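Below: the structure, in structure tokens.
Just so you know, all these numbers are worked out from the coordinates, no wet-lab data involved. All figures in this text were calculated on a predicted structure; none of them were measured in a lab. We place every Cβ from the backbone using ideal geometry, glycine too, and count neighbours over all the protein chains shown.
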Amino acid sequence: MLNIKDNVIEEVSLPRRQFKMLEKELFLYREVSSTNSIAQHMARSGAVEGTIVLSSLQTSGMGRMKRQWACPAGQGILMSIVLRPEIDVQLVPQLTLLCGVVVAETIRQTTGCEAGIKWPNDIVIGGKKVCGILAQSSFTGPAPLHVIMGIGINVNQTYDQLPLDCRKTSTSLKLELGQRFSRLRVLEQFIILWDKNFKSFLKGGHSYLRPKWIANNVTLGREVTINKGNELRQGLAVDISERGGLIVSFADGSTEEFLAEDLSLGKAHYGQKSRIKALKK
Ligand code: BTN
């Protein structure tokens, strides 16, 4: 009987197109279980930094918190990048935040639409999710061996093509702007911006990321409900920490850092505007 690992080994050798774009190795599949699994396997077999795995369709697309990521064939961007960053382990979770910045800027530059980051890993337009990011790291010792950055962008889905249970909370670029977009064009812009930002992040770390993340986020200054274990906590999102956590202040005056929890956004606190402004400096 084949186990999942064997399946991935078989899948990696499925027919695919291999080409170079902007000096990156790209592997384009028609259908795989998950581009993250393929990229993970390629990384273990020595794939070079920046290798990109794309697929028109995923049969078991993975989301955070063991959720699924569903997208009809050819309507979205389903990709995973192999990263081999030589950075302190503390900076690894911030790669997800960096990727959020790059996706938000890519959407703005290719469509003119304002997309914002909902901490930690969603990109939203008008409060609806248009992109999700799933980073998976493999460590040996203190340095990251490799990180797989999985990105799903809803590009040309119609309302009926969104998963039934997400139709109220998700969207696509086409739904927001009333026209189809070239996935290739979006991908190219993403790669250009990723390269530039990734290089700068490797040099500058959190100090590079912070102003960019703050400029692109739609989380700070909002009431948030955080799902921690079985407990729902409500507070105000006030800052991101040095390690990319979300700092939330509570009614009793306490503040807490959250590292990877699920959250929902509530109303904006205009009374806190000056406080948030001060944080942006
Ligand atoms: C989330 O919002 O929960 C993260 C979704 C990440 C989906 C992308 S699609 C390409 C890559 N391959 C996967 O299996 N997942 C990521």
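What the Cα convex hull of the range 42-152 gives, in volume per residue, is 117 Å³. Ordering Ser138, Ser45 from the fewest to the most neighbouring beta carbons within 10 Å gives Ser45, Ser138. Once the Cα-Cα distance is subtracted from the 0.36 nm per residue extended length, the Glu49 to His269 segment shows a gain of 75.0 nm. Evaluated over the range 116-245, the count of Lys pairs having alpha-carbon atoms less than 28 Å apart is 27 (only pairs 8 or more residues apart or interchain).
Only one residue of Gly112, Ala43, Ile9 has its Cα farthest out toward the positive end of the dipole of the range 9-153, where Lys and Arg carry +1 and Asp and Glu -1 on Cβ, and that residue is Gly112.
One chain, two ends: Leu145 and Ile87. Fully extended at 0.36 nm per residue, the span grows by 19.9 nm beyond their Cα-Cα distance. Computed about the Cα centre, the dipole magnitude for the chain is approximately 720 debye when only Lys and Arg (+1) and Asp and Glu (-1) carry charge, each at its Cβ. 3J(HN,Hα) along the range 175-187, derived from phi through the Karplus expression 6.51 cos²θ - 1.76 cosθ + 1.60 where θ = phi - 60°, amounts to 5, 6, 10, x, 8, 7, 10, 6, 5, 5, 5, 5, 4 Hz, with x in place of Gly and Pro.
Between the Cα long axis of helix 94-111 and the first principal axis of the chain there is an angle of about 80°, rounded to the nearest 10.
Spatial offset of the range 76-136 relative to the range 146-162 amounts to 11 Å, using the alpha carbon center of each. Comparing Ala135, Ala104, Ala215 in a Gaussian network model of the chain, where Cα atoms under 10 Å apart are tied by springs, the biggest mean-square fluctuation is seen for Ala215.
Above 14 Å, the calculated P(r) of the range 133-181 contains 62 percent of its Cα-Cα pairs. Dipole orientation for the chain: of the candidates Leu173, Leu97, Ala251, Leu173 has the Cα lying most toward the positive pole (charges on Cβ; Lys, Arg +1; Asp, Glu -1).
Under Stokes-Einstein, with the Kirkwood radius over Cα pairs standing in for Rh, what whole-number D in µm²/s applies to the chain at 25 °C and 0.890 mPa s?
Working: Rh = 19.4 Å.
Rounded, D is 126 µm²/s.
Counting only alpha carbon atoms, the long axis of helix 35-44 and the longest principal axis of the chain meet at about 70°. Working note: 222 nm ellipticity from helices only, DSSP H runs with n ≥ 4, each -39,500 (n - 2.57), summed and divided by the residues of the chain, gives -9500 deg cm²/dmol to the nearest 500. Per-residue Cβ neighbour counts within 10 Å put Asp239, Asp252 in the sequence Asp252, Asp239, beginning with the fewest.
Semi-axes of the equivalent ellipsoid of the range 131-218 are 30, 17, 14 Å, computed as sqrt(5λ) over the eigenvalues of the C-alpha gyration tensor in descending order.
First measure r as the distance between the Cβ atoms of Ser254 and Lys168, then evaluate 1/(1 + (r/R0)^6) with R0 = 41 Å and state the FRET efficiency to the nearest 0.05.
Details: r = 33 Å, r/R0 = 0.80.
The pair Ser254/Lys168 has a calculated efficiency of 0.80.
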